[in-house]
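Note sheet for the following structure.
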Amino acid sequence: MISFENDYTTGAHPQVLKMLLETNLEAVSGYGSDSYCSSAREKISKACECPEADVYFLIGGTQTNAVVISTLLKSYEGVITAATGHINIHEAGAIEYTGHKVLELPHHNGKIASNELEEYLQRFYADETHEHMVFPGMVYLSHPTEYGTLYAKEELESISAICKKYQILLFLDGARLGYGLASLSTDVTLPDLAKICDVFYIGGTKVGALFGEAVVFTKKNAPSYFITMVKQHGALLAKGRLLGVQFDALFTEELYWKIGRHAIDMAEQLKGMLKEKGYLMPWDSPTNQQYIVLENDQMEKMKSKVKFSFWEKYDETHTIVRFVTSWSTTQDDIDQLKKIL
């Protein structure tokens, strides 16, 4: 059976595993104080063209979102996100578990609109009773979004300007950032994100690592004693070198970008094939996530031959499903899927 279920169903890119094996018997200090974490931080800062960046390594996306959001927000603040945002739908209430409310905005194929964000903030402060309400303290975006869509640079700059106007933070979830940066239609670069965002993270789990996310605070704005608070959340890995080694590998010889480009190449083939065969695609995704509408009986029959993800109901007899490519997707996978479809 072939799998297009997700971009983390296989292990790690061979070059990442090679570096883990080569360094396996070295005795180094723990908790991210080793030379590999230092090297990875330097390489990430250089790639971001942000020498003042503070870089920290955590294990997974939900953990990263919960730690970053809860340590940056004041006790009376919440985080604004699209109604479809990952922190709002697929993280089991992790943000609310930390004591912070998730504040919804309408979504447009997974994205929020800057004018609706400003209208939300205007309404909040125009309410004479707003001191009795949850204050908006941060905007959360994901890039790519849950719909595989991307923000244009102009959209991000507009959202950032509104955040600055209302003195709230802009946090970008980059769990699949490598695929967004490699998209054929993007105009956003890693240095752009470092300039636009207050904090973002570079996802490794879904982009070639066994696990791991690199959090980048871009303006010397990491919370005081952030490592201590990470440990309070149970999120500090004793064998921190495992994270440093992987990101050092990903940011050596542009491996992170090569992984992204390969997945996009596969996704573009997949998209062309789906269109050629006449499948309805409910929205256009320029990334490694592709969505089609299947008749329910057809969907059930297909499950015996290929793995994919349920996304949402289209109507009573049809379902939107998702196919995802990754670093490990092969041409043979694409060719087999073409026969099945």
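The values are calculated or read from the model by the stated rules, or taken from the named source; none is laboratory data. Note that the coordinates shown come from a computational prediction; the quantities given were computed from them, not determined experimentally. All Cβ positions, even for glycine, are placed from backbone atoms using ideal geometry, and neighbour counts span all protein chains on display.
For Gly244, only one of the following conditions fails: (1) at pLDDT 95 or above; (2) outside the structural domain of Ile59 (by TED's automatic domain parsing); (3) touching a strand residue (DSSP E or B) at 6+ places or on another chain (Cβ under 8 Å). What is its number?
(2)
Taking into account only those residues within segment 54-77 that are among the small types (Gly, Ala, Ser) and buried (at least 21 other Cβ atoms within 10 Å of the Cβ), which is farthest from the chain's Cα centre (by Cα)? Step through it out loud before you land on a result.
Step one: list which residues in segment 54-77 are among the small types (Gly, Ala, Ser), which gives 60-61, 66, 70, 75.
Now narrow it down to the ones that are buried (at least 21 other Cβ atoms within 10 Å of the Cβ): 61, 66.
Numbers: Gly61: 7, Ala66: 13 Å.
Checking each candidate, the answer is Ala66.
So, of the residues in segment 184-206 that are part of a loop (DSSP other than H, G, I, E, B) and touching a Lys or Arg at 6+ places or on another chain (Cβ under 7 Å), which turns out to be nearest to Glu157 (Cα to Cα)?
Val188
Kindly indicate whether Gln298 is farther than 26 Å from Gly180 by Cβ and either out of contact with any Pro (no Cβ under 6 Å at 6 or more places or on another chain) or in a loop (DSSP other than H, G, I, E, B) (or both).
Taking the combined requirement at face value, the residue satisfies it.
Of the residues Ser285, Ser326, which is within 30 Å of Lys46 (Cα to Cα), of a type in the set (Ser, Thr, Tyr), in contact with a strand residue (DSSP E or B) (Cβ under 7 Å, 6 or more places away or on another chain) and outside the structural domain of Val216 (by TED's automatic domain parsing)?
Just a single option satisfies the conditions, and that option is Ser285.
Are there any helices (runs of 4 or more DSSP H) wholly within segment 86-126 with 3 or more residues that are more than 25 Å from Ser285 (Cβ to Cβ) and assigned by TED's automatic domain parsing to the domain that holds Ser158, and if so which?
94-97, 114-126
Can you pull out the residues in segment 214-251 that are within 24 Å of Leu25 (Cα to Cα) and loosely packed, with under 15 Cβ neighbours inside 10 Å?
Ala238, Lys239
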